[in-house]
1. Within the range 70-83, identify whether any single residue is within 20 Å of ILE49 (Cβ to Cβ), exposed (fewer than 12 other Cβ atoms within 10 Å of the Cβ) and in contact (Cβ under 8 Å) with a residue 60 or more places away in the chain, and answer yes or no.
2. Can you pull out every residue in the range 75-89 that is touching a Ser or Thr at 6+ places or on another chain (Cβ under 9 Å) and outside any loop (DSSP other than H, G, I, E, B)?
3. Within the range 119-165, track down each residue that is in a helix (DSSP H, G or I), over 14 Å from LEU88 (Cβ atoms) and of a type outside the set (A, V, I, L, M, F, W, C).
4. Within the range 16-45, which residues are out of contact with any helix residue (DSSP H, G or I) (no Cβ under 7 Å at 6 or more places or on another chain), under 10 Å from VAL75 (Cβ atoms), hydrophobic (A, V, I, L, M, F, W, C) and outside any loop (DSSP other than H, G, I, E, B)?
5. Among LYS164, LYS111, which is the only one that is touching a residue at least 40 places away in the same chain (Cβ under 8 Å) and crowded, with 18+ Cβ neighbours inside 10 Å?
6. Kindly provide the set of residues from the range 29-62 that are buried (at least 16 other Cβ atoms within 10 Å of the Cβ) and not hydroxyl-bearing (Ser, Thr, Tyr), ordered by number.
7. State all residues of the range 114-150 that are open to solvent by 90 Å² or more (accessible area, probe 1.4 Å) and not hydrophobic (A, V, I, L, M, F, W, C); if no residue qualifies, say none.
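The values are calculated or read from the model by the stated rules, or taken from the named source; none is laboratory data. None of these values were measured; they are calculated from a predicted model. Note: ideal-geometry Cβ built from the backbone for every residue, glycine included; neighbour counts use all protein chains shown. Note: accessible area is taken over every heavy atom of the protein model, side chains too, but ligands, DNA and RNA are not part of it. Shrake-Rupley method; radii C 1.70, N 1.55, O 1.52, S 1.80 Å.
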Amino acid sequence: MITINSIKINTINQKNYNKLINSIDFNCVTCSCGHSGCLTKHAYYKRYIKTDCDSKVCLSILRVKCSICKHTHAVFPVFIVPYSQVSLDDHISIINNYLSDKSQKDLMNRKCLIDENTVRYILHNYKKYWHQRLTSFGISLKHSLDEVSFHCIKFFNRQFMQIKCTLNIFISMTHIT
């Protein structure tokens, strides 16, 4: 997987995702096998992200393929957690509410598709896989999303709250053309 950090995308939609993807020069991106200049656009697949009340956004997520190792990598903006329909921002809000003993009701009222089972699942994964890791490496959820993502990918090769052990590459971009 490849996680792209760029200027904040305020609205999750296909147009903004495409704008981000089109701003990337994949010849400059290093594959997890260590080679550069070997990634080409390969295919797309559908991914749903839960947004505001009663709505999901469907994104066509790009997969790139390495001509050297033949692996494919999904290309995600920093606000998407791999294998999850809940945004990184909502994951962190749920966890911060839990850590400060606040109710999850406000969040669930704003995001109707995030229910008690989703909250319970996110908190279970946080406690089981992520709490100790963040504490051990001094990573605070008070930092910005891109800082949390950068540190998690740097130290654990995974996006924060990514459960499957698929390697993740972090790319930081300063602008979108």
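1. No: the range 70-83 contains no residue that is within 20 Å of ILE49 (Cβ to Cβ), exposed (fewer than 12 other Cβ atoms within 10 Å of the Cβ) and in contact (Cβ under 8 Å) with a residue 60 or more places away in the chain.
2. Residues satisfying the conditions are VAL75, PHE76, PRO77, ILE80, VAL86, SER87, LEU88.
3. ARG120, TYR121, HIS124, LYS127, LYS128, TYR129, HIS131, GLN132, ARG133, THR135, SER136, LYS154
4. Selection gives LEU20, ILE21, PHE26.
5. From the options LYS164, LYS111, the qualifying one is LYS111.
6. Correct list: VAL29, CYS31, CYS38, LEU39, ARG47, ILE49, LYS50, VAL57, LEU59, ILE61, LEU62.
7. Result: GLU116, ASN117, ARG120, TYR121, HIS124, LYS127, LYS128, GLN132, LYS142.
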